[in-house]
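The values are calculated or read from the model by the stated rules, or taken from the named source; none is laboratory data. Note that the structure is predicted; figures quoted are calculated from it, not measured. With ideal geometry, Cβ positions are generated from the backbone for all residues, glycine too; neighbour counts draw on all protein chains shown.
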Amino acid sequence: GIDTSKLLATTGKVALDIGFVNTASCTSAITYIDGDAGILRYRGYPIEQLAEGSSFLEVTYLLIYGELPTADQLGEFDQRIRRHTLLHEDLKQFFNGFPRDAHPMPVLSSAVSALSTFYQDSLDPFDEEQVEISTLRLIAKLPTIAAYAYKKSVGQPFLYPDNSLGIVENFLRMTFGFPAEPYDVDPDLAKALDMLFVLHADHEQNCSTSTVRLVGSSHANLFASVSAGINALFGPLHGGANQSVLEMLESIRADGGDIPRFVERVKSKEPGVKLMGFGHRVYKNYDPRAAIVKSTADTVLDKLGGNNELLDLARQLEEIALNDEFFIQRKLYPNVDFYTGLIYQAMGFPTRMFTVLFALGRLPGWIAQWREMIADPSTKIGRPRQIYTGETARDYVPVDER
Ligand code: ACO
């Protein structure tokens, strides 16, 4: 047996790199991260500037097409997306087939996968015109699908999209509004959610994006690839962490707010106990997205009437962890998920919708990365190798002789 945990160097011609810690799977011109310095840029633009001055729609354009749009380009892009927000009536039947208490993430991935059946013109990844239409369809329809998944889970009627509204406003109305009742979108709420989507829009070769690329490398279409990415995002070590953070904070509160006791449990590596929302494969410094969320959490929670008690708890927990040798040695800092859940909760979303919100934000990144890969003539099908550690050759023994 090979001790695989020690084997980092090359073995013959195959390099073993569990979790791809040191292996680049592609070249990419979309997102730059310097994990030691805590830097994140989309197409060269610092995340701080985009969060401050840009919008989710503009960032979507930037990531996919490579440049910031002019006002005319942005307006046209917006109009084209608004035309595609409706779901086929038959697709709506899907939502009724799932159990009422289904988690909305698998509902989301299933509905995105089903888009391939409604749009069979999407199957050829090299048909540029169709890829463009699939791109617009996906951007336009994912918020509608997400809102329907939510409505289904709370037993309320679906709302058709209102195309006089922008992408984020429309999503909020479809989620929290009721048919035949006016719903005034709170501009503070829409602005805060728009900014959180900007922060999530891409993060180079993370687990879900690598999944999108790997599936797409077999020339599977955009819908199939993004559906797989949504499933990868569902896991608690990835996008599912935003839900886990809130559950963790609530359980600490239920335990009388005893943070030191919780931190001891984490440090003793009690099975299943981690400081959720901390640590990152690439950032060995403060996640710049977490810094932005933290600095806006106060204002947003004050405006929206959020849970300041849990926010205080999160702040104290961060303070204690950042001054503790265990976390210092391992370079564990808050990641983007540490504070987002508190804001989502203040906005009125149930915990189970948090990862769906992450998916809505990450969609432009998945699309941009898939398109970059498909357009790159040097792309090959993704096919990792392995180091075999099983039995050597042995003879088959019939069942009555075993
Ligand atoms: N709490 C406690 N200890 C941790 C944590 C944590 N959140 N994260 C890492 N560690 C410890 C590990 O136990 C390990 O300790 P050891 O050296 O004594 O064995 C060391 O730090 C290194 O951790 P790895 O698990 O090897 O780091 P990896 O890069 O594989 O994992 C990950 C990164 C998955 C993000 C991890 O930090 C984690 O599980 N964090 C909690 C979940 C989370 O917040 N995920 C969201 C990530 S960001 C995102 O997807 C948007």
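GLU264 meets each of the listed conditions (1) exposed (fewer than 15 other Cβ atoms within 10 Å of the Cβ); (2) part of a loop (DSSP other than H, G, I, E, B); (3) more than 8 Å from the ligand (Cβ to nearest atom) apart from (2). When the test is whether a residue is touching a residue at least 60 places away in the same chain (Cβ under 8 Å), closer than 22 Å to HIS203 by Cα and either within 16 Å of the ligand (Cβ to nearest atom) or in contact with a Leu (Cβ under 6 Å, 6 or more places away or on another chain) (or both), LEU313 does not pass it. In the set (1) at pLDDT 95 or above; (2) more than 28 Å from PRO99 (Cβ to Cβ); (3) in a loop (DSSP other than H, G, I, E, B), the condition left unmet by LEU214 is number (3). The numbered conditions (1) at negative phi; (2) more than 12 Å from the ligand (Cβ to nearest atom) are all true for HIS200 except (2). Taking GLU270, is it more than 19 Å from SER25 (Cβ to Cβ), of a type in the set (D, E, K, R) and either touching a residue at least 12 places away in the same chain (Cβ under 8 Å) or not in a loop (DSSP other than H, G, I, E, B) (or both)? Judged against the criteria, GLU270 is not a match. Would you mind stating whether LYS284 is assigned to a loop (DSSP other than H, G, I, E, B), out of contact with any Pro (no Cβ under 9 Å at 6 or more places or on another chain) and of a type outside the set (S, T, N, Q)? So LYS284 passes the test.
Taken together, LYS13, LYS92 contain a single residue that is more than 22 Å from the chain's Cα centre (by Cα) and under 30 Å from ARG385 (Cβ atoms), which is LYS13. Determine whether LEU301 is surrounded by 20 or more Cβ atoms within 10 Å (Cβ to Cβ), part of a helix (DSSP H, G or I) and more than 14 Å from the ligand (Cβ to nearest atom). Yes.
Of the numbered criteria (1) buried (at least 22 other Cβ atoms within 10 Å of the Cβ); (2) in a helix (DSSP H, G or I), the one ASP202 fails is (2).
Residue check: GLU247 meets all listed conditions (1) among the acidic types (Asp, Glu); (2) within 14 Å of the ligand (Cβ to nearest atom); (3) over 29 Å from LEU108 (Cα atoms) but one, namely (3).
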